[in-house]
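A.B. asks: Please find one structure pasted underneath; my questions will follow.
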Amino acid sequence: MQDTRDPPSATTDGIDESYRAEPTLDAEAVPGPGAVGAGTADSRGTTATEPTPIEPTEPTPIEPTEPTPIEPTDAAETVDAMDRVRSLVGFASGSPFVAAIAAIETVIATVLLGVPLSPAPAVVGLVAFAVYTVDHVADAAADARSTPERARIARRYGDQLMIAAAVAYGLAVALSTLGGPLALGVALLPGAFWIAYASDWLPNAGRAVRSLAPDDGLAAAPRLPRLKEVPVVSSVVVAAGWTIAVTVLPLAFADAAVSTPTVAVAVAYFLPRSFVDTELPNVRDVAADAAAGVATLPIVLGVAGTRRVLYGVDLLTAATLAAATATGVLAPGLAAALGVGIAASLAVTALAGRVDDDAVLGVAPDCSYLVVAVALAFVAA
């Protein structure tokens, strides 16, 4: 077989010359030993120049600038406006609304009693505003669950609201003096009823009695509750206070007799109606009242049982109006206008426990008096 390999190269000292890899150096490509260094000559005879020194410069001071104010966006303005509207609605649906309804009730009572219009509606309205404002501020923590917006306003503006309540009650007392001693006493009565209803005077009295007789059985007696915590009694106390104010104050300003059949009919109308108006919001406040240890009809009887009781109260009121009309004590047109209010109350009672927005039960019951006022206006026309 023919050998196709190249012939071997000449060898030196036994090493194939073709595999020697000795590098060839370019004398000009390699700097001499003195090439590095300032001012020294390199292998080509050139001299390296010294680098130009960099002078340090003072840093330029940065002037502080005013932060650019962030303009509120349309969305932020909208949210702020909605918050103001909610606050206004929450405030208006509280004591101002109750005060307006109380004044309207007094006008209805004035027409029912047949006496001239007087400052009585203004006095009752101012007293109602003062009493309910103080109550809302005092119970703000307990109301946070049932009426959060009203409770938030009461907590945020508590001092201002208390001042407004004091001014309102002062104006009411000043106006009531125009009607004489009876009017003044009636104007002070709702405040006294509120103290008896909501304050701790009864529990404190019970503690004082127990402390005076530690060795007797009184020491182990249970705590006496506030009237506000007693079912039915609490609502009766509230209803009685406002019924007396609404019916007696117009008579006091007119210097009219308080012992007449018409006055009895007025009391028989406003007392049970006020009881219903007081108990219906308790359906909304079940959780808050239970947490505060306040017993109400909805807690004791349940919502369905409360509806049946309130139906019975309204129907009893309607029967009273029918009897007064039949005996000639009450004019048919006036009885019909008052009956429209009872029908509205029955409709609102039917909503108890059946509406998603429980706040309706805090406003709708009082709106029945607006219906009565409109009906009376038609009757008078």
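A.B. asks: Measuring from centroid to centroid over Cα atoms, what is the spacing of the stretch 278-344 and the stretch 102-127 in Å?
C.D. replies: After rounding, the separation between the Cα centres reads 22 Å.
A.B. asks: A further question follows. Modelling each spin label as a point 7 Å along the Cα-to-Cβ direction, I'd like the residue 290/residue 327 distance in nm, to one decimal.
C.D. replies: Calculated label separation equals 4.4 nm.
A.B. asks: While we're on this one: Mind ranking 240-252, 339-351 by how tightly packed they are, going by the mean number of other C-beta atoms within 10 angstrom, highest first?
C.D. replies: Going from most to least packed, we get 240-252, 339-351.
A.B. asks: Packing-wise, with mean Cβ within 10 Å as the measure, how do 119-129, 150-160 rank, highest first?
C.D. replies: 119-129, 150-160
A.B. asks: Same structure again: Using 0.36 nm per residue, how much length does the chain from residue 117 to residue 159 gain when fully extended, once their Cα-Cα distance is taken away?
C.D. replies: So the extension gain works out to 11.7 nm.
No value in this document is a laboratory result; all are computed from the given coordinates. Everything numeric here is computed off the predicted structure, so don't read it as measured data. Cβ atoms come from the backbone with ideal geometry, glycine included; neighbour counts cover every protein chain shown.
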